[in-house]
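Here's the structure, in structure tokens; my notes come after.
The values are calculated or read from the model by the stated rules, or taken from the named source; none is laboratory data. These figures come from a predicted structure and were not determined experimentally. Glycine gets a Cβ as well: all are built from the backbone with ideal geometry, and neighbour counts include every protein chain shown. What goes into the accessible areas is simple: the full protein's heavy atoms, side chains included, and nothing from ligands, DNA or RNA. Shrake-Rupley method; radii C 1.70, N 1.55, O 1.52, S 1.80 Å.
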Amino acid sequence: MTQKELHNERLAAEARQKELQFCTRRHFLKESAMGFGALALGSLLGSCGNNMGMTSPPAFDAAHPLAPRMPFFPAKARSVIYLHMAGAPSQLELFDYPELAKLNGQDCPPSLLEGKKFAFIRGVPKMLGPQANFKQHGNSGLWVSDYLPHFSSIVDDVSIIKSVTTDQFNHAPAQLLMHTGSARLGRPSIGSWVTYGLGTENQNLPGFVVLTSGGNNPDAGKSVWGSGFLPSVYQGVQCRSEGDPVLFINDPKGIDRDLRKASIDAINKVNQEQYKEFNDPEILSRISQYEMAYKMQISVPEVMNINDEPEYIREMYGAQPGKGSFANNVLLARKLVEKGVRFVQLFDWGWDSHGTGADTAVDIGLVNKCRQVDKAMTALILDLKQRGLLDETLVIWGGEFGRTPMQENRDGKEMPFKGRDHHAEAFSMWMAGGGVKGGTTYGETDEIGYSITSGKTDAFDIQATILNQLGFDHEKFTYEFQGRPFRLTDVGGKVMTDILV
């Protein structure tokens, strides 16, 4: 028997087994205990919710979950590129320029410690002045440190938000809050919400793509790009910038593309029978995912190939084909939005500057991390601008919290290198494109960068602003789950109108 014949026989046997299992479940639920089992199943499926819960005109079509849909109102942006620096960059070495240098080396005032919680600081730490040099740049005169020499050339295209705060000071909960609107597991990520609301303009590519760099996933794991209680078709699809862009995207040895299509058709035939019986929209999502996987075999390798980019573009980003890097991922992000992908999420790991070693010191490791991202994120803005895409692409950069103005003294002991502990009260992010007003700053901190004095902004405000630029009212954009409507911004959030055109 040939390998192809053996595969067909195994596929047929699997289909027969699934049919028997399906029939057995159906018989048990319908016939046992006068059908009360089927009634119970129906109530459970109903609790998962399948209606849009929105006030926008187009109804959600579970059979075509990624079909492009119109937002509530005319949008400024059509797509999003979110650059998350996992570990939390130090705002005091990058964007926030307080008078902290005057206190360098002095004991931390008691008022900054009383009643406060820190991840590692114990006792009385020393104050630590900025380790970078700051200058004003562009026509706008925005302050940026010499850690980001390339970025300082595009400040007139960005809005720096200096007054972001959070109530989480550990990485995983803070990342979850920033990306899902909850510090606990189970909520959909912002990329899932966006593709749920808008679908995708390219039916051969996922609506939500995730790219990681830095050697690790973020501390919160893949839950930060999960779909939560939304249909699973809206979860982020993780791609790679080296090797196969998606695992198992190539046909197995001895299996041609036609046979793989026949396999998918057979599987989806069983899924269609299950949907007719249970009317569960998640089954339709499963069908769409199988079909998308087949389409991605052709489309993904093409769009994920940076070799077809001109040499000057690769040099502009600092990209190197065949290597996994932040620069490669940023160039891929531009290619993806150019092809109609709605939401591209980049996570770059390694920004946790505690000073436990040279690689985490704010005057050594942080400098190296900035060198890895500075050129590429600057090139992204310039490249989108020269292609006429910046106006319709919203770019966000930031971490999950900030760093303390005092030096970390883990266990009350002086650290061998200069580092800063987690700081939830104030940190910086920036936005560009997609209707954001360039050359602006929003919010202020006190003279040492410890607390916010104006323009207080939280994760819900960031999320509300992103949704607003995509044409959604964050208070009305909901999904019915377990008997009540849920939204990304929970019960908070305000649109940051001051930074918008």
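Can you give the accessible area of Phe229, probe radius 1.4 Å, in Å² rounded to 10?
Rounded to the nearest 10, that gives 30 Å².
I'd like the chymotrypsin sites (Phe, Trp or Tyr not before Pro) in the range 298-404 restricted to DSSP loop residues with at most 15 other Cβ atoms within 10 Å, sorted by number. Working shown, then result.
Working: sites: Tyr312, Tyr317, Phe326, Phe343, Phe347, Trp349, Trp351, Trp397, Phe401; in loops: Trp351, Phe401.
Those that pass, being in a loop and sparsely packed, number zero.
What are the ³J(HN,Hα) values, in whole Hz, obtained from phi via the Karplus relation 6.51 cos²θ - 1.76 cosθ + 1.60 with θ = phi - 60°, for each residue of the range 69-86 in sequence order, with x given for Gly and Pro?
10, 8, x, 5, 9, x, 9, 8, 10, 9, 8, 10, 10, 10, 9, 9, 9, 5
Taking loop as defined by DSSP and a crowding limit of 12 other beta carbons within 10 Å, which trypsin sites (Lys or Arg not before Pro) in the range 326-432 fit? Each step should come with its number before you reach the end.
On the way: sites: Arg334, Lys335, Lys339, Arg342, Lys369, Arg371, Lys375, Lys385, Arg387, Arg403, Arg410, Lys413, Lys418, Arg420; in loops: Lys339, Arg342, Arg387, Lys413, Lys418.
Passing both the DSSP loop test and the Cβ count: Arg387, Lys413.
How much net charge surrounds Glu400 when only the other residues with a Cβ under 11 Å from the Cβ of Glu400 are counted, with Lys and Arg +1 and Asp and Glu -1? Don't jump to the answer; show the numbers that get you there.
Working: positive: none; negative: Asp219, Asp352.
Cβ neighbours under 11 Å give a net charge of -2.
Go through the range 261-266 residue by residue and turn each phi into a ³J(HN,Hα) via Karplus (6.51, -1.76, 1.60, θ = phi - 60°); whole Hz please, and just put x for glycine and proline.
5, 5, 4, 5, 4, 5
At a Förster radius of 22 Å, what calculated FRET efficiency corresponds to the Cβ-Cβ distance of Arg184 and Ser451, to the nearest 0.05?
Working: r = 27 Å, r/R0 = 1.21.
FRET efficiency, Arg184 to Ser451: 0.25.
With a/c under 1.5 counting as rounded, go ahead and sort the range 97-178 into rounded, prolate or oblate using the C-alpha gyration tensor (a ≥ b ≥ c being the square roots of the eigenvalues; past the cut-off, prolate if a/b is larger than b/c, else oblate). Don't skip to the end; give the middle numbers.
Working: a/c = 2.74, a/b = 1.43, b/c = 1.91.
Note, shape of the range 97-178 comes out oblate.
Just to verify a number: FRET efficiency for Glu114 and Gln272, C-beta to C-beta distance, R0 = 56 Å, to 0.05? Kindly include the intermediate steps, with their values, before the conclusion.
On the way: r = 64 Å, r/R0 = 1.14.
Efficiency, from the Cβ-Cβ distance: 0.30.
Can you give the net charge of the other residues whose Cβ lies under 15 Å from the Cβ of Pro68, counting K and R as +1 and D and E as -1? Could the numbers behind the result be given before it?
Working: positive: Arg69, Arg78, Lys339, Arg342; negative: Asp61, Glu201, Glu392.
Charge balance near Pro68 sits at +1.
Considering only protein heavy atoms, what per residue accessible area in square angstrom results for the range 57-147 with a 1.4 angstrom probe?
Numbers: 4430 Å² over 91 residues.
Value returned for the range 57-147: 49 Å² of accessible area per residue.
Give the distance, in whole Å, between the Cα centre of the range 109-138 and the Cα centre of the range 308-327.
The distance from the Cα centre of the range 109-138 to that of the range 308-327 comes to 37 Å.
Could you pull out the GluC sites (Glu not before Pro) across the range 86-174 that fall in loop regions by DSSP (anything but H, G, I, E, B) with no more than 10 other Cβ atoms inside 10 Å?
Values: sites: Glu93, Glu99, Glu114; in loops: Glu99, Glu114.
When the GluC sites (Glu not before Pro) of the range 86-174 are filtered for loop state and at most 10 Cβ neighbours within 10 Å, Glu114 remain.
For the range 308-438, with every protein chain kept in place, what is the accessible area per residue (1.4 Å probe, Å²)? Please report the intermediate quantities before stating the final value.
Values: 4160 Å² over 131 residues.
On a per-residue basis, 32 Å².
Would you calculate the separation in nanometres between label points at Lys323 and Val367, each defined as 7 Å from the Cα along the Cα-to-beta-carbon direction?
According to this spin-label approximation, the distance is 2.0 nm.
For the range 359-483, state the average projected area of the convex hull of the C-alpha atoms over all orientations, rounded to one decimal in nm². Mind showing how you got there, number by number?
Values: hull surface 46.9 nm².
Across all orientations, the range 359-483 yields a mean hull projection of 11.7 nm².
Name the long-range amide H neighbours of Val237: under 5 Å, sequence gap of 5 or more, or other chain; modelled H, no Pro or chain starts.
The answer is Phe208, Val209, Val210.
What residues have an amide H closer than 5 Å to that of Arg403, excluding those fewer than 5 places away on the same chain, when H is modeled at 1.01 Å from N in the peptide plane?
Residues meeting the criterion, in which the H sits 1.01 Å from N, are Gln91, Leu92, His423.
Going from the alpha-carbon gyration tensor of the range 125-227, what semi-axes, largest first and in whole Å, does one get by taking the root of 5 times each eigenvalue? List each step's numbers first, then the result.
On the way: eigenvalues 201, 93, 36 Å².
For the range 125-227, the semi-axes come out at 32, 22, 13 Å.
Quote to one decimal, in nm, the extra length available between Asp256 and Leu382 on full extension: 0.36 nm per residue of separation minus the C-alpha distance between them. Numbers along the way, then the final one.
On the way: separation 126, 0.36 × 126 = 45.36 nm, distance 4.20 nm.
Extending this stretch completely gives an extra 41.2 nm.
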